[in-house]
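Visitor: Have a look at this one.
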Amino acid sequence: MRKSEPGGLVYSTDSGRMCPACRQPVAACLCAQRAKAPPAGDGVARVTREKQGRAGKTVTVVRGLPLDAEALAALGKCLRTACGAGGTVKDGVLEVQGDHADRVLAWLQAEGHQAKRAGG
């Protein structure tokens, strides 16, 4: 077993298989519900342009969208297609390569999301 992996009970004769993350019986595991819950926030998407720590490359970043991981990934795909750029979704933050802050802001507002420009 590696040090980074949580160790512990995998099977119990009382309740059967155990979830390795929350160490509850699989039937009572709450990990899936926590993963599907949208992140807490005020519901306002903040669109910023970042350059620091990215080897001089400009990236448009969207934070605060009240969506679950699957919906955020689908929205990111549509947004990257609309901008004609690459990007990713990491930890609830959507990144689009390049300086597309105005286009992203307009697109989010047209789709019905409450969005505003943040930063400089």
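Visitor: Give me the distance in nm between label points sitting 7 Å out from Cα along the Cα-to-Cβ direction at ASP99 and ALA82, one decimal.
Guide: 2.1
Visitor: Can you give me the long-range amide H partners of GLY98? Hydrogens built in the peptide plane at 1.01 Å from N, cutoff under 5 Å, separation of 5 or more residues or another chain.
Guide: Amide H neighbours of GLY98, under 5 Å, 5+ apart: THR58, VAL59, THR60.
Visitor: Once phi is turned into ³J(HN,Hα) by the Karplus curve 6.51 cos²θ - 1.76 cosθ + 1.60 with θ = phi - 60°, what whole-Hz value does each residue of region 79-96 show in order, with x for glycine and proline?
Guide: 5, 5, 5, 5, 8, x, 9, x, x, 7, 10, 10, 6, x, 10, 9, 10, 10
Visitor: Which one of GLN97, GLY112, LEU65 has its Cα pushed farthest toward the positive end of the charge dipole of region 45-117, where Lys and Arg give +1 and Asp and Glu give -1 at the Cβ?
Guide: Farthest along the dipole direction, towards plus: GLN97.
No value in this document is a laboratory result; all are computed from the given coordinates. What you see is a predicted model; the values in this text were computed from it and never measured. Ideal geometry is used to build each Cβ from the backbone, glycine not excepted, and the neighbour counts take in all protein chains shown.
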